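Everything on this sheet refers to the single structure shown next.
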């Protein structure tokens with residue numbers, strides 16, 4: 001049997017991404033899982049962010065897509081074309097797990113939740129022509145997980161990935177991780193993680209845990225100490241909370257993390273607006289001294305970028321300028337996104353009465369306003385976030401921020417800082433140009449109709 005796994009494109013109408021060159025983790029992992037369970041099955045992978053995917057040319061008995069919310073429209077259109085040609089299609093991922101009734105109209109089988117405990121049965125059913133409509137995964141132990149298969153791509157990637165845990169102890173309203181992977185965190189054996197990273201031919205990695213140190217500070221210290229002893233000339237970045245940096249052992253944590261190759265961390269600042277933080281249920285992730293925590297991370301030679309949302313229903317106009325001022329004060333960059341109520345989150349239920357009708361899921365990409373606001377229009381919020389992003393990523397600003405990182409992390413933390421900030425600024429500028437052109441064309445069409 002031939003299995004084809006497809007990573008869908010992001011963005012409006014399935015436009016290809018020009019973002020960071022990170023290999024799609026789900027596809028590499030699922031290829032490894034398939035080889036572990038059924039080495040006789042031939043697996044192909046396609047990253048539709050980087051290469052074209054022609055349904056007519058798909059040569060496989062079973063075609064699988066992993067689906068995040070902004071990818072759903074492209075996946076549904078593509079899956080419908082494949083099924084019209086007689087191909088068998090399976091869909092999995094966070095979006096279809098949140099909205100199975102919607103997704104099942106576009107596939108032959110759904111994978112809900114994690115796949116380890118149902119994958120062998122699904123492959124057997126597909127081979128025998130007896131696919132069930134739904135396969136409900138359960139939480140699995142993270143022992144003896146298959147290693148990602150990295151050599152099937154037609155395109156090259158700078159970054160690989162590794163995972164040390166699944167689940168999240170926080171219950172933020174805007175996030176579905178604790179629902180999809182569980183609120184009780186499961187951890188891989190440290191030995192397995194270290195051996196996987198050490199054996200990889202890649203040298204740069206993305207640590208894809210939702211929180212690289214907030215699960216268990218003592219365990220993270222032990223993990224990073226072992227990585228520092230065993231793994232050579234490997235560097236990585238990841239995402240983390242701020243309250244862990246206020247732990248009594250935080251200096252030990254950060255020292256070990258840097259020695260283990262951590263060069264940069266995206267920390268969840270979440271919002272400047274205290275009312276929004278409360279609505280997002282994110283106060284406990286911040287701690288009482290979050291500004292000092294950021295300085296502490298950088299003093300240990302690790303670059304910091306803030307993940308921050310803006311434009312939520314509790315936010316005000318001044319919050320956009322507040323982010324710009326915050327970054328200037330702290331000399332850090334931010335990844336500002338429009339607050340987005342994804343299906344399957346508590347925030348989606350809170351914002352549901354205010355959602356703008358008629359929007360497809362590809363508008364739920366962190367760039368667009370998808371709900372009504374008490375005082376700001378859709379256009380006002382979208383213009384404001386475009387201006388904010390344009391102001392944050394000039395080359396002089398990037399260089400100044402790089403200089404604020406302690407020389408303990410030189411040169412890789414400084415190199416990573418550039419590798420993350422410059423492409424991000426370029427992507428934001430490209431989005432601004434495309435949006436301006438779209439508005440110009442729309443206005444021209446309105447003029448013609450008048």
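Just so it is clear, none of the values below were taken in a lab; they were calculated from the coordinates. Computed from a predicted structure; not experimentally measured. Cβ: placed from backbone, ideal geometry, glycine included. Neighbour counts: every protein chain shown.
Worth a mention:
- Spherically averaged projected area of the convex hull of Cα atoms, region 218-284: 4.9 nm².
- Simple label model, 7 Å out from Cα along Cβ direction - residue 443 to residue 56, nm: 3.9
- Adding -39500 (n - 2.57) for every DSSP H run of four residues or longer, then dividing by how many residues the chain holds, sets the calculated 222 nm ellipticity at -12000 deg cm²/dmol.
- Ordered by the number of other Cβ atoms lying within 10 Å of each residue's own Cβ, fewest first, 339, 243, 130 fall into the sequence 130, 243, 339.
- Relative contact order, percent, region 242-363 [alpha-carbon distance under 8 Å, six or more residues apart]: 27
- Entry note, the chain: relative contact order of 13 percent, from Cα contacts under 8 Å with a spacing of 6+ residues.
- Per-residue packing, averaged as other Cβ atoms within 10 Å, sorts the ranges 190-197, 53-60 into the order 190-197, 53-60, beginning with the highest.
- For region 29-168, the spherically averaged projection of the C-alpha convex hull amounts to 9.0 nm².
- Sorted by Cβ neighbour density within 10 Å, fewest at the top, the residues 1, 441: 441, 1
- The relative contact order of region 1-110 comes to 32 percent, based on Cα pairs under 8 Å that sit 6 or more residues apart.
- Look at 403, 200 and count the other Cβ atoms within 10 Å of each Cβ; fewest to most, that gives 403, 200.
- Relative to the 2.2 N^0.38 Å rule of thumb, the chain has a C-alpha radius of gyration ratio of 0.98.
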